[in-house]
Each structure stands twice: as C-alpha cells, then as structure tokens.
Amino acid sequence: MLLDTWAWIELFQRTPKGLAVRSRMKKDEVLTSALSLAEIAHWCNRNGKEASPYLQAMRQSSIILSVSDELAEKAGLNLAGFRQTSPGIGMVDAIIHATAESVSNLLLTGDPHFRNLPGVEFIE
C-alpha cells in the first residue's frame, strides 16, 4: 500500500487515525511517493519541527518511489476528471494517486481530496 502524506502526519502525531495507519503498516509492504517527503519537510518547517528524524523514519519504514515522466503525464491528464468529484484536489495529490496506481497498490489516506477516487482506502 502507498501512504499519502496525510497518513504520515497522523502517524507522526500519534492520533487514533495514526494508530490505524500503524496497524495497516504491519500487514502490508509500505510505499511512499517522493513528493510526500517534500510535503512532510514543509509540514515540519511550518510546525517548528526538525525535519530530519521524520524523513528518516519515512525512509526506514517504506520504499520511496520517484516521480517519472510517465507518472507526471498521467497525473496531469487525470487531474481535470478528479476535480469533478473532488474540487479541491491539487497536482501533488494527483501525482501521489498516479504513483499508487502505477504499482497497482492501494492508496491509504484520510485526506478528503481522495474520498471519491478509485483505489483509495479511506481512514475515518
């Protein structure tokens, strides 16, 4: 399964939803988009946290997947359709979704932008 940035944040904050993420991580191979590293670094900076331990935890707990030309193209083509069911979704989310699809994996998240998209396991 591929963890979205939302899942990592919940995990790092040790929320009840983060505990559900941790439980799922014990059952499946964990993948992460490289873009989630950027989003977590930004989240740390915005919240006055040192990013290194969080990024290291992500690297140790999951396989980091790069963004290829093909993924970027697919996400760009999918974005307009995604916005019909999820108006606030952005390009980074579309790329993360395309990354999960590219490896035939479920995207684990609770981010409302992904709620109505295929291939998503939504944590509530």
Legend entry - region 47-63 residues that are assigned to a helix (DSSP H, G or I), paired with ones that are of a type in the set (Ser, Thr, Tyr) and surrounded by 14 or more Cβ atoms within 10 Å (Cβ to Cβ) (beta carbon under 8 Å, 6 or more apart): 58/32; 58/36
Inset, instruction - Select from region 92-124 the residues that are part of a strand (DSSP E or B) and of a type outside the set (A, V, I, L, M, F, W, C) and write down the one among them that is surrounded by the fewest Cβ atoms within 10 Å (Cβ to Cβ). - result: 121
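So that you can scan it fast, the table gives a plain yes or no per residue for (1) under 21 Å from residue 22 (Cα atoms); (2) under 13 Å from the mean Cα position of the chain (by Cα):
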| residue | (1), (2) |
| --- | --- |
| 70 | no, no |
| 77 | no, no |
| 87 | no, no |
| 92 | no, yes |
| 97 | yes, yes |
| 101 | no, yes |
| 117 | no, no |
| 120 | yes, yes |
| 123 | yes, yes |
Legend entry - Filter pass, residue 25 being touching a strand residue (DSSP E or B) at 6+ places or on another chain (Cβ under 9 Å) and modelled with pLDDT under 95: yes
Legend entry - The listed residue being within 18 Å of residue 102 (Cβ to Cβ) and free of Cβ contacts under 8 Å to residues at least 60 places away in the same chain, out of 31, 11, 19, 37: 37
Legend entry - Top-ranked residue in region 1-27 [being closer than 21 Å to residue 95 by Cβ and not hydrophobic (A, V, I, L, M, F, W, C); ranked as farthest from the chain's Cα centre (by Cα)]: 10
Legend entry - Options 9, 89; residue that is in a loop (DSSP other than H, G, I, E, B) and surrounded by 13 or more Cβ atoms within 10 Å (Cβ to Cβ): 89
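The values are calculated or read from the model by the stated rules, or taken from the named source; none is laboratory data. Quick caveat: nothing in here was measured; it's all calculated off a predicted structure. Note that we place each Cβ from the backbone using ideal geometry, even for glycine, and neighbour counts take in every protein chain shown.
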